[in-house]
1. As an exercise, use a Förster radius of 35 Å and the Cβ-Cβ distance of ASP155 and VAL81 to find the FRET efficiency, rounded to the nearest 0.05.
2. What's the magnitude of the charge dipole for the chain around its Cα centre, counting Lys and Arg as +1 and Asp and Glu as -1 at the beta-carbon? Answer in Debye, nearest 20.
3. In Å, what Kirkwood hydrodynamic radius results for the chain from the alpha-carbon pair distances?
4. Place a point 7 Å from the Cα of HIS208 along the Cα-to-Cβ direction; which residues of the stretch 160-177 have their backbone N under 14 Å from it?
5. Add -39500 (n - 2.57) for each DSSP H run of 4 or more in the chain, then divide by its residues: what number comes out at 222 nm, to the nearest 500 deg cm²/dmol?
6. Could you work out the relative contact order of the chain? I mean the mean sequence separation of Cα pairs under 8 Å and 6+ apart, divided by the number of residues, in percent.
7. Report the rotationally averaged projected area of the stretch 143-283 based on its alpha-carbon convex hull, in square nanometres.
8. What Kirkwood radius, in Å to one decimal, follows from the Cα pairs of the stretch 217-332?
Amino acid sequence: MKANRWHRFVAACLLACAAPCALAVECIVPAKPGGGMDASCKLLRRVMQAQGGPDGQAERNDKGDQGNVKVAYLPGGIGAVAWGSVVSHRRGGPDSLVAFSGGSLLGLAQGKYGRADVGDVRWVAGVGIDHGMIAVRSDAPWRSLKQLLEAIRKDPSATTIGLSGTAGSQDWLKVAMLVQRAGMAPRQFHFVALEGGGDSFAALQAGHVQVISGDASEAAHFIAEGKVRILAVLSEQRLPGPLQEVPTAREQGYDVVWPIIRGFYMSPYASEDDYQRWVRYFDKAMADPAFDRQRSIGGLQPFAMTGKPLSDYIAQTVARYRKLSQELGLVR
C-alpha cells in the first residue's frame, strides 16, 4: 500500500515537472527590441494567450496567467547571428520559433548569412504582410516625400537617413529605389546603419538622424503618440488603421512598392512531428477570425501560408531578391 502511494506520488511529481516544459515556448527575435520582428513574437504571444498552444492547451506563465511565450533577443547581422545559432544547433528546440521578415530573405539572397540556403531551416508560417515606409520627426521641415527627395537632391550630405543594415539591406533598397525614381544615382544618399527598427526610431527621436527607412507596423505606435510624421507608405494602396491618411509613394509620383512578409521558422533539427505540429497549429490559429484582429493590432495586412507552400514561396522570393540585387550591383 505504501509502495503504491509512493509510486503515485512520484508519477504526480514527474507530471508536474513535465507540464511547464511542454508548455514553454521560445520566440527568438533576431534584432533588438522594438522592431517588426519583435512585434511578430508579441503577436504570437497574444494569439497563444487567446487560443492556447500547439497541443490545444492554454499557455500559462509562472503566475498561472495565460501567455507563457518567452521572447528572447538575439541581434546581429540583421538576422545572421540568430540564423547561425539555430542552424549550428546552439539554439532552437521543438518549441523554439525564430521570427523572420523580408529583410531576412534579402540577407539570404545577398549571401549575408554566409553559405546559407533556404533549405537550411524549417519554414513554419507566414502570418502577415508589412510594408515599407519613410518617416521623419513630427517637427521636421518636410511634409511630403517630394519635398524630402528634392532636399536630398540639392545636398545629399545634409540629410542623414537611419536604416537597418548596411548598403544593400532592405531599408537601404527602399531609399535607393526612391532616389532613383527621383533622378538620382541609387547610392546618392547619406545613411547610418543601425540594428533593427527599434534602434532607428530611437535615433530619430534623439536627432541622430533626420529620416528613417523602416516598416509601417513599426510606425503605428509612434504615430499615435505624435512623435513622427510618415511621409509615404510603400504599398499598392493606402493602408487601413492608424496610417490610413498617409499617402503611398505611388500617389506622390514615385512608383515604389515594398511588401514585407513576416513569419516564423524553426531549427532544422526539429523532428518532422514537431514541425508538423506547429504547421497545424498556425493553420488552425490563422483560420480563426480572431487572428485577423490580433494581426491588425500589430499593423500587419492579411497573409497566411504554412509548410511546403511557404517553403516554395520563400525560395521564389529569395531568387527574386537575388536577381534585383544583381541588377543593382550588390552581389556578383
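The values are calculated or read from the model by the stated rules, or taken from the named source; none is laboratory data. Every value quoted in this text rests on a predicted model; they were computed, and no experiment measured them. Virtual Cβ from ideal backbone geometry, glycine too; neighbours counted across all protein chains shown. Protein only, heavy atoms only, side chains kept; ligands, DNA and RNA dropped before computing areas. Shrake-Rupley method; radii C 1.70, N 1.55, O 1.52, S 1.80 Å.
1. Details: r = 36 Å, r/R0 = 1.03.
Step by step, r from the Cβ atoms, then E = 0.45.
2. Computed about the Cα centre, the dipole is about 300 debye.
3. 20.9
4. What the label zone holds, given the 14 Å backbone N cut-off, is 160-165.
5. -13500 deg cm²/dmol
6. Dividing the mean separation by the residue count of the chain yields 25 percent.
7. So the mean shadow area of the Cα hull is 10.4 nm².
8. On the way: mean 1/r = 0.0586 Å⁻¹.
Result for the stretch 217-332 stands at 17.1 Å.
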